[in-house]
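I have placed the structure first, in the form of structure tokens, so that the comments after it can refer back to it.
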Amino acid sequence: MTWQEKHVAEALSLGSRQAADQTAAEGITHCSDLLEDFLKTISRMEREYLRAALEGEKF
């Protein structure tokens, strides 16, 4: 392998690592959005449960 071939291989490797890092970052953002939605839903359900409990509804 020549120096030039090695340099090109390293550049391609760096590009694929950067693409993988970007994909991982997008996955984390997506998971974060899912977690936020989950927590909002749980909070809403808790408020509804407490409201119903205060109003004397049976479960």
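The values are calculated or read from the model by the stated rules, or taken from the named source; none is laboratory data. Model, not experiment: these values are computed from the prediction. Heavy atoms of the whole protein, side chains included, go into the accessibility calculation; ligands, DNA and RNA do not. Shrake-Rupley method; radii C 1.70, N 1.55, O 1.52, S 1.80 Å.
Once the Cα-Cα distance is subtracted from the 0.36 nm per residue extended length, the residue 53 to residue 41 segment shows a gain of 2.5 nm.
For residue 39, the solvent-accessible surface computed with a 1.4 Å probe is close to 90 Å², ligands and nucleic acids excluded.
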